[in-house]
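A short worksheet on the structure shown next.
The values are calculated or read from the model by the stated rules, or taken from the named source; none is laboratory data. The model shown is predicted, which means the values in this text are computed figures rather than measured ones. As a convention, Cβ positions derive from the backbone with ideal geometry for all residues, glycine included, and neighbour counts pool all protein chains shown. What goes into the accessible areas is simple: the full protein's heavy atoms, side chains included, and nothing from ligands, DNA or RNA. Shrake-Rupley method; radii C 1.70, N 1.55, O 1.52, S 1.80 Å.
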Amino acid sequence: MLSTPRRTHRCGDFSEADIGAQVCVQGWAQNVRNMGGVSFLLLRDRSGLVQVVTDERSPDAARADAEKVHLEYVLEVRGVVARRASPNSKLPTGQIEVVAESVVILSRTPALPFNLDGHTTINEDLRLQYRYLDLRRPELQNNLVARHRAALAVRRYLDSENFVEVETPVLTKATPEGARDYLVPSRVHPGQWYALPQSPQIFKQILMVAGMDRYFQIVRCFRDEDLRADRQPEFTQIDIEMSFVTRETVIELATGVVRVLWREILGQEPGEIPVMSYADAISRFGLDSPDVRFGMEHVVLTGLLAGSSSPIIQAGLADGGIAKAFVVPAGAEAASRKQLDAWTLFVKRYGLGGILWGKVAGPWTGPLARLGETELSALAAATGAKEGDLVILGVGKPEHIHPGLGRLRVQVARDLGRIPAGFAFTWVVDFPSFEKDPESGRWMAVHHPFTAPRPEHIALLGTGREGEMLADAYDLVCNGYEICGGSIRIHDPDVQARVFSTIGLSDAEAQQKFGFLLDALRHGAPPHGGCAFGFDRVIMLLCGTENIREVIAFPKTASAQDLMSEAPSPVDPAQLGELHVRNVERE
Ligand code: ASP
C-alpha cells in the first residue's frame with residue numbers, strides 16, 4: 001500500500017509488538033494534559049487513538065513544545081514506543097504509549113465551538129455548521145466507512161451478475177416519481193429549464209431498449225418535498241434495471257443485494273424473505289411497509305361488530321366504515337392511563353376521532369367495557385385476547401383506520417418496549433395500479449406510470465374499473481422502512497399510452513413530457529423491470545441509527561438547508577439576468 005511520507009504508523013495500529021520501535025505519527029490532539037514537565041497527548045487519526053507522553057525521557061524541546069499544544073491542534077510526533085506503566089484497557093492501543101522525541105505543531109485551531117468527546121449532546125445545527133469538526137468523531141467516520149464498504153460490496157456483487165454501471169444525466173427532464181422537481185434555468189435557451197432527476201427511471205428503461213441488458217448505478221436523486229426524519233432532498237439510490245425478466249427475477253436479485261450488504265457490514269445472514277400481498281399488508285398491519293419484527297397484528301371486525309350495541313361503533317361503521325382491533329399481550333398492566341390518552345391523541349393525526357380500548361382484567365375495564373357480555377366474548381374470541389391483555393379498537397373510514405391503527409401499532413410497541421432488536425424483512429407485492437387523488441378525483445399511478453399492470457388486468461384499462469387493477473410492482477420492507485421498490489415496466493407503447501391517458505395526460509401532453517420514452521418503446525423494447533434501493537436508508541439501518549443525516553457526509557437540515565456552505569443562498573442579480581430569471585417579491 002502507498003505509504004504516507006514520514007508517518008510510520010497510524011494512531012490506532014499500535015500493539016505491544018511495536019514496543020521499542022522508533023515511530024512517527026500524525027494526527028489531532030484529542031486530549032491534552034500538561035502536568036508540570038510531564039504532558040499526555042491523546043493523538044487521533046481515522047484509525048484510532050494513541051497516547052503520546054513527554055517526560056524526563058524526552059528532550060527539553062519536545063517537553064516545551066508539548067506544553068504549547070491545545071485541543072485539536074494537528075501534530076507530528078516522533079518517538080519510541082514504550083509499555084505503559086498503567087495500561088488503559090478501554091483503548092485498543094492502551095498497552096503502549098509513544099514517548100516523544102519531538103512534537104511538531106502542524107496546524108492550530110481556536111477553541112472549538114463544541115466538544116468532540118462524544119459524551120456531550122451537541123445541538124445538531126451547530127454540528128452541521130461545523131461539519132468538518134463533527135465528522136472527526138469516530139461514530140460518523142465509521143458510518144462513512146461502512147457506507148463506502150457497502151457501495152463496494154454492491155458494485156462487486158452486481159458486476160459478478162453481469163450488471164454494468166452507467167451514468168445518466170443530472171441536467172434532464174422531469175421524471176414522475178410524485179415529488180416536486182428541482183429546476184435549473186438554461187442560460188443558452190431563455191425561458192427553458194432542466195429538471196434534476198427524481199430518479200433515472202426513464203434513462204434506465206431506455207438503456208434496456210438500447211440493449212444494455214443489465215444496468216445499475218449508485219446515483220444521486222433529487223426530490224423537492226416536505227422532509228421527514230428519514231428523507232433528504234438529495235439522496236442516493238442503488239438503481240437497477242434488467243431485460244427479459246419477471247418480477248421473481250428482480251426480487252431474487254434484490255434479495256441478493258440485501259444478503260451481500262448484511263453480510264459485508266454486519267456479518268449477518270438474513271434468512272428467507274417472505275412475500276406478502278399489499279392487500280394482506282394493509283389488512284394485517286394497516287400499512288404497506290409493515291414492521292414484522294413483532295406481532296400485535298390487526299384483526300378486521302367489521303362483520304362481527306355490524307350489530308353492535310354501541311352507538312359509537314354504529315356511527316363509525318356507517319357509510320362504508322370498518323372496524324379493526326389489535327391485542328397488546330399483557331398490555332392491561334403495561335399500558336398506563338397516560339399512555340392510553342396519548343395514543344388516543346396520536347390517532348387523531350390520521351383523521352380518527354380516537355380509539356376504543358379495553359383491558360381484560362377479570363371483568364373488562366375501559367371504554368370497551370360498555371359493550372355487552374356477549375359482544376365482549378365475541379370480541380375476545382375473534383382477537384384472541386386473554387386475561388391481562390389490552391385490546392385497542394378503531395372504527396371509521398378505511399382511509400383513516402388503516403394508517404391510524406397501523407402507525408399506532410408501531411407506536412404502542414415502541415412505547416412498551418415490544419420491538420425486538422434485529423432485522424425483519426418482507427416483500428410486499430401486488431400493489432394497486434392506480435389510486436384516486438382525493439383532491440382532483442383523478443387516477444394517479446401508485447408506483448409510477450411506467451409500471452406494468454398485471455397482464456390479466458390490462459384489459460381493465462379504460463373500463464372505469466382501473467381501481468381494481470393490480471400492478472406488477474414490489475417493495476422490500478425492513479423494520480417498517482421501505483428500502484427498495486420497483487416494478488416490471490410497460491414495454492408496449494400502446495399500453496403505455498393508455499396508462500398515460502388513464503392518469504389524465506392527453507396524447508399531446510404525454511408526447512411533450514415523455515415522447516422520447518414512447519418513441520424508444522416503439523423501436524424494439526425488450527420486456528424489462530427493475531428496482532431501486534434507498535441507499536442512505538439502508539446504511540442508516542446497517543449503522544443502527546434513526547437519523548439519516550448520520551450516514552451522509554454533508555446532509556441538509558429538515559428545511560433543506562446546508563448550514564455549513566449556507567446553501568441555498570441569494571445570487572447576484574446579474575447572474576439571474578444571464579439566466580433570464582427575475583426575483584419576484586413574495587406577497
Ligand atoms: N424509479 C423508482 C423509484 O425511484 C424505482 C424503480 O421503479 O425502479 O422509486
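Please give the helices (runs of 4 or more DSSP H) falling wholly within the stretch 314-399 in which 2 or more residues are of a type in the set (Asp, Glu), more than 26 Å from residue 287 (Cα to Cα) and open to solvent by 30 Å² or more (accessible area, probe 1.4 Å).
Working: elements: 331-334, 337-348, 373-383.
It comes to 373-383.
Return the only residue of 428, 446 being touching an Asp or Glu at 6+ places or on another chain (Cβ under 8 Å), among the aliphatic types (A, V, I, L, M) and open to solvent by 30 Å² or more (accessible area, probe 1.4 Å). Can you show your working first?
Numbers: 428 fails: open to solvent by 30 Å² or more (accessible area, probe 1.4 Å).
Answer to the selection: 446.
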Inset, instruction - Only residues that are in a loop (DSSP other than H, G, I, E, B) and in contact with a helix residue (DSSP H, G or I) (Cβ under 9 Å, 6 or more places away or on another chain): list them for the stretch 160-182, please. - result: 161, 163, 166, 168, 169, 173, 174, 175, 176, 177
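Being free of Cβ contacts under 8 Å to residues at least 24 places away in the same chain, among the hydrophobic types (A, V, I, L, M, F, W, C) and either in contact with a Cys (Cβ under 9 Å, 6 or more places away or on another chain) or within 30 Å of residue 148 (Cβ to Cβ) (or both) is the filter here, so list the residues in the stretch 553-583 that pass it.
Matches in the stretch 553-583: 567 only.
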Inset, instruction - Search the stretch 72-95 for residues that are in contact (Cβ under 8 Å) with a residue 60 or more places away in the chain and pair each with any residue that is polar (S, T, N, Q) and assigned to a strand (DSSP E or B) when their beta-carbon atoms are under 7 Å apart and the residues are at least 6 apart or on different chains. - result: 76/26; 80/22
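Condition (residue is at positive phi and out of contact with any strand residue (DSSP E or B) (no Cβ under 8 Å at 6 or more places or on another chain)) applied to the stretch 495-514: is it met by at least one residue? Break it down into steps so the answer makes sense when it comes.
To start, the set of residues in the stretch 495-514 that are at positive phi comprises 504.
With the extra rule that they be out of contact with any strand residue (DSSP E or B) (no Cβ under 8 Å at 6 or more places or on another chain), the set shrinks to none.
Within the stretch 495-514 (the criterion being at positive phi and out of contact with any strand residue (DSSP E or B) (no Cβ under 8 Å at 6 or more places or on another chain)), the answer is no, since none of the residues qualifies.
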Legend entry - Matching residues, the stretch 527-559, being away from the ligand (no atom under 16 Å from the Cβ), touching an Asp or Glu at 6+ places or on another chain (Cβ under 9 Å) and more than 30 Å from residue 420 (Cβ to Cβ): 554, 556, 557
Legend entry - Subset of the stretch 433-464 [of a type in the set (A, V, I, L, M, F, W, C), within 16 Å of the ligand (Cβ to nearest atom) and under 20 Å from residue 521 (Cα atoms)]: 445, 450, 452
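Results for (1) out of contact with any helix residue (DSSP H, G or I) (no Cβ under 9 Å at 6 or more places or on another chain); (2) within 12 Å of the ligand (Cβ to nearest atom); (3) under 23 Å from residue 518 (Cα atoms); (4) open to solvent by less than 50 Å² (accessible area, probe 1.4 Å), shown as yes or no for each residue.
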{"position": "191", "(1), (2), (3), (4)": "yes, no, no, no"}
{"position": "203", "(1), (2), (3), (4)": "yes, yes, yes, no"}
{"position": "207", "(1), (2), (3), (4)": "yes, no, yes, yes"}
{"position": "210", "(1), (2), (3), (4)": "no, no, yes, no"}
{"position": "238", "(1), (2), (3), (4)": "no, yes, no, yes"}
{"position": "242", "(1), (2), (3), (4)": "no, yes, yes, yes"}
{"position": "245", "(1), (2), (3), (4)": "no, no, yes, yes"}
{"position": "248", "(1), (2), (3), (4)": "yes, no, no, no"}
{"position": "254", "(1), (2), (3), (4)": "yes, yes, no, yes"}
Legend entry - Only listed residue being open to solvent by less than 20 Å² (accessible area, probe 1.4 Å), closer than 30 Å to residue 405 by Cα, among the hydrophobic types (A, V, I, L, M, F, W, C) and within 16 Å of the ligand (Cβ to nearest atom), chosen from 258, 219: 258
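Among the residues of the stretch 560-576, are any open to solvent by less than 80 Å² (accessible area, probe 1.4 Å), part of a helix (DSSP H, G or I) and either away from the ligand (no atom under 16 Å from the Cβ) or aromatic (Phe, Trp, Tyr) (or both)? Don't jump to the end; show me each part of the working.
Of all residues in the stretch 560-576, those open to solvent by less than 80 Å² (accessible area, probe 1.4 Å) come to 560-565, 567, 569, 571, 574, 576.
Applying the additional criterion that residues be part of a helix (DSSP H, G or I) yields 574, 576.
Next cut, either away from the ligand (no atom under 16 Å from the Cβ) or aromatic (Phe, Trp, Tyr) (or both) only: 574, 576.
Among the residues of the stretch 560-576, at least one is open to solvent by less than 80 Å² (accessible area, probe 1.4 Å), part of a helix (DSSP H, G or I) and either away from the ligand (no atom under 16 Å from the Cβ) or aromatic (Phe, Trp, Tyr) (or both), which makes the answer yes.
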Legend entry - Pairs where the first residue, in the stretch 504-517, is touching a residue at least 40 places away in the same chain (Cβ under 8 Å) and closer than 19 Å to residue 491 by Cβ and the second is among the aliphatic types (A, V, I, L, M) and open to solvent by less than 10 Å² (accessible area, probe 1.4 Å), C-beta under 8 Å, 6+ apart: 514/202; 516/202; 517/202
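So which residues in the stretch 473-494 are of a type outside the set (S, T, N, Q), within 13 Å of residue 427 (Cβ to Cβ) and within 12 Å of the ligand (Cβ to nearest atom), if there are any at all? Show your work before the answer.
Step one: list which residues in the stretch 473-494 are of a type outside the set (S, T, N, Q), which gives 473-478, 480-486, 488-494.
Then drop every residue that is not within 13 Å of residue 427 (Cβ to Cβ), which leaves 473-478, 482-486.
Correct list: 473, 474, 475, 476, 482, 483, 484, 485, 486.
Any idea which of 70, 9 is open to solvent by 60 Å² or more (accessible area, probe 1.4 Å) and either modelled with pLDDT of 95 or more or assigned to a strand (DSSP E or B) (or both)? Walk me through how you get there before you give the answer.
Working: 9 fails: open to solvent by 60 Å² or more (accessible area, probe 1.4 Å).
Within the list 70, 9, the selection yields 70.
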Inset, instruction - Examine the stretch 414-430 for a residue that is at pLDDT 95 or above and closer than 23 Å to residue 511 by Cα, and state whether such a residue exists. - result: no
Legend entry - Extreme residue, most open to solvent (accessible area, probe 1.4 Å), among residues of the stretch 106-159 that are hydroxyl-bearing (Ser, Thr, Tyr) and outside any loop (DSSP other than H, G, I, E, B): 132
Legend entry - Number of the condition not met by residue 295 [criteria: (1) open to solvent by less than 30 Å² (accessible area, probe 1.4 Å); (2) at pLDDT 95 or above]: (1)
Legend entry - Tally of residues being buried (at least 24 other Cβ atoms within 10 Å of the Cβ) and part of a helix (DSSP H, G or I) across the stretch 526-539: 3
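Just to be sure, is residue 233 in contact (Cβ under 8 Å) with a residue 24 or more places away in the chain, away from the ligand (no atom under 14 Å from the Cβ) and open to solvent by less than 10 Å² (accessible area, probe 1.4 Å)?
Taking the combined requirement at face value, the residue satisfies it.
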Inset, instruction - Please enumerate the residues belonging to the stretch 21-59 that are at pLDDT 95 or above and part of a loop (DSSP other than H, G, I, E, B). - result: 21, 38, 46, 47, 55, 56, 57, 58, 59
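Of the residues 418, 409, which is closer than 21 Å to residue 289 by Cα, basic (Lys, Arg) and part of a loop (DSSP other than H, G, I, E, B)?
Values: 409 fails: part of a loop (DSSP other than H, G, I, E, B).
Criteria check complete, one pass: 418.
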Inset, instruction - Could you look through the stretch 164-189, keep only residues that are at pLDDT below 95 and in contact with an Asp or Glu (Cβ under 6 Å, 6 or more places away or on another chain), and pick out the one that is nearest to the ligand (Cβ to nearest atom)? - result: 179
Legend entry - residue 476 vs. criteria open to solvent by less than 20 Å² (accessible area, probe 1.4 Å), touching a strand residue (DSSP E or B) at 6+ places or on another chain (Cβ under 9 Å), within 23 Å of residue 198 (Cβ to Cβ) and not β-branched (Val, Ile, Thr): yes
